[in-house]
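Visitor: Following this message is one structure expressed as structure tokens.
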Amino acid sequence: MPCARLTARQAIAAVADAYTETTVPAARATPAAASTTPDGPLGWHGYDDARAHAHARTGEDESVVTALATIGGREAVVLSFEFRYLGGSLGERTGERLEAAYTHAREHGLPVVSLIATGGSRMQEGMRALTQLQRVARQSALNGAAGLPQIAVLRDPTTGGGWATLGAAADVILALPGAQIGFAGSRVRPPDADPFAYSAEGQLASGHIDAVVPPDRLRETLQRWLQLLCPPMHPPQEPGTRTVEPAPPPYALGASALPETGWDAVVRAREPGRPRAEAYLRAYFDDREEISGDRCGGVDPGLRCGFGHHEGRTVAFAAQCGTATRPAGFRTAARLVRLAGRLGIPVLTLIDTPGAANDAEAERAGAGAAIADAFAALATAEVPVTSLLIGEGGSGGALALAAPGRLWATPDSYFSVIAPELAAAILKREEAQVHDTADQLRIRPQDLLELGVIQGIVPPP
């Protein structure tokens, strides 16, 4: 049976080592009017019969099952939707149950894993059902503020308020292949709507989810994410008292000798065979998982972000890959830094870019605002950020990912206020003077150290 069409309990069993309870205690929940008023709060004729039929079909008394489960040895609160129960729709009792589950997670310092399959809010309960989205959004925000990870798995379908609260608000969003995902369900979209935009693959391409995971890899993927995002420090320390040790900078993987001239530094940093981000990530981390997209409609393949294990602890990373960084890349990096701050995880940034993308498309996508957002995220980071310049450091597009006061450099790198060729052009110098201009800019690693821009030059392993 495809994982997207599993029952709520089958979906839990598919990802969990074991689950000890099928419902989370709801001691604080008050009886919803939908459970006591005939045909619900609207007196919708036939609603009681529809719920009775749904119960007979599924064995459930509501559209969501909450459980305490272990996934890869990590305990978590799991929320699993039963689509066969009135389309997995959210009503008052659903909101009541979800609120109790989030509260239990906060009280016990547990992550929340949502296995979502829903068509949205329940029409038979009208606005009483729709307001449950506010209830769920508040609970999700409270858990985020408490530093507790939230992971969503989008099954088929995930639409309406379930996508716009439980799904899209999660820290990490995974989806099953081919799942229908979107705020608008299939029956309320414009007739000429592109179906790809409402698919898991389309949402990934647009930067709204982190990965599409085949059913046979979902359990191990969730295990890795929980191991990365749930270090032993939970329940978290009080704000202002948490101590997080910074991540050490990686060793240099390229040339060990320092460049003789400024232009030598430029040539070496631009060398195609020089070690790039992938080589540094592979050498630094034992294992890692990546997030994708800026949640604003964009993806930058030239900037990789995620979390990995280094020497027994989790470190977040944002790594430029040698291309001009696009607005989506800066926004994704800012998202990563803020998420790491909430979870108490140190950050490593790898800097390697000729600069920020400056084409018309980048301007339309808000290049200035995106770069400003990255600067602000690093300037206000709640955890230590360590930065290593591994290649080109092109102006503000590189500086936006450089940690103030915690920047190192490799011997085959340079950092410049502007590319030497452009500096010479602005100064109306001849092409033959580009090399002299590079020297005047003082862009070599040893120059940067002398100027106090970097803390040091990292050695080879």
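Visitor: Considering only region 340-357, I want to know if a residue exists there that is free of Cβ contacts under 8 Å to residues at least 12 places away in the same chain and over 18 Å from the mean Cα position of the chain (by Cα). Walk me through it before giving the result.
Guide: Taking region 340-357 as the starting set, the residues that turn out to be free of Cβ contacts under 8 Å to residues at least 12 places away in the same chain are none.
No, every residue in region 340-357 fails to be free of Cβ contacts under 8 Å to residues at least 12 places away in the same chain and over 18 Å from the mean Cα position of the chain (by Cα).
Visitor: So, one more: Starting from residues that are touching a Phe, Trp or Tyr at 6+ places or on another chain (Cβ under 8 Å) and more than 27 Å from E75 (Cβ to Cβ), keep the ones in region 158-182 and report whichever is surrounded by the fewest Cβ atoms within 10 Å (Cβ to Cβ).
Guide: A164
Visitor: Please name all residue pairs, on different chains or six or more residues apart, with Cβ atoms under 7 Å, provided the first residue is in region 428-445 and is in a loop (DSSP other than H, G, I, E, B) and the second residue is loosely packed, with under 15 Cβ neighbours inside 10 Å.
Guide: Pairs that qualify, where the first residue is in a loop (DSSP other than H, G, I, E, B) and the partner is loosely packed, with under 15 Cβ neighbours inside 10 Å, are R442/L451.
Visitor: Moving on to the next point. Would you confirm whether or not region 241-264 contains a residue that is under 18 Å from the mean Cα position of the chain (by Cα) and in contact (Cβ under 8 Å) with a residue 12 or more places away in the chain?
Guide: Looking for residues that are under 18 Å from the mean Cα position of the chain (by Cα) and in contact (Cβ under 8 Å) with a residue 12 or more places away in the chain, one finds none in region 241-264, hence no.
Visitor: Of these, R276, R331, R342, R326, which one is surrounded by fewer than 21 Cβ atoms within 10 Å (Cβ to Cβ), at pLDDT 95 or above, among the basic types (K, R) and under 30 Å from V153 (Cβ atoms)?
Guide: Of the residues listed, the single one that is surrounded by fewer than 21 Cβ atoms within 10 Å (Cβ to Cβ), at pLDDT 95 or above, among the basic types (K, R) and under 30 Å from V153 (Cβ atoms) is R342.
Visitor: Which of the residues belonging to region 161-176 are of a type in the set (G, A, S), touching a residue at least 60 places away in the same chain (Cβ under 8 Å) and either outside the structural domain of H108 (by TED's automatic domain parsing) or touching a Leu at 6+ places or on another chain (Cβ under 9 Å) (or both)?
Guide: Hits for region 161-176 are G161, G162.
Yes or no, residue by residue, for (1) of a type in the set (G, A, S); (2) surrounded by fewer than 24 Cβ atoms within 10 Å (Cβ to Cβ); (3) assigned to a loop (DSSP other than H, G, I, E, B):
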site: T314; (1), (2), (3): no, yes, no
site: V337; (1), (2), (3): no, no, no
site: N358; (1), (2), (3): no, yes, yes
site: A362; (1), (2), (3): yes, yes, no
site: V383; (1), (2), (3): no, yes, yes
site: S387; (1), (2), (3): yes, no, no
site: I390; (1), (2), (3): no, no, no
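Visitor: Moving to a separate point now. Looking at L133, L154 in this structure, which one is in the same structural domain as I181 (by TED's automatic domain parsing) and closer than 20 Å to A67 by Cβ?
Guide: L154
Visitor: Check L142, L98, L115 and return the single one that is assigned to a helix (DSSP H, G or I), touching a Lys or Arg at 6+ places or on another chain (Cβ under 7 Å) and not β-branched (V, I, T).
Guide: Sole residue among the options that is assigned to a helix (DSSP H, G or I), touching a Lys or Arg at 6+ places or on another chain (Cβ under 7 Å) and not β-branched (V, I, T): L142.
The values are calculated or read from the model by the stated rules, or taken from the named source; none is laboratory data. In this text the structure is predicted, and so the values were computed from the model without any measurement. In this analysis, Cβ positions are derived from the backbone assuming ideal geometry, glycine residues included, and neighbour counts consider all displayed protein chains.
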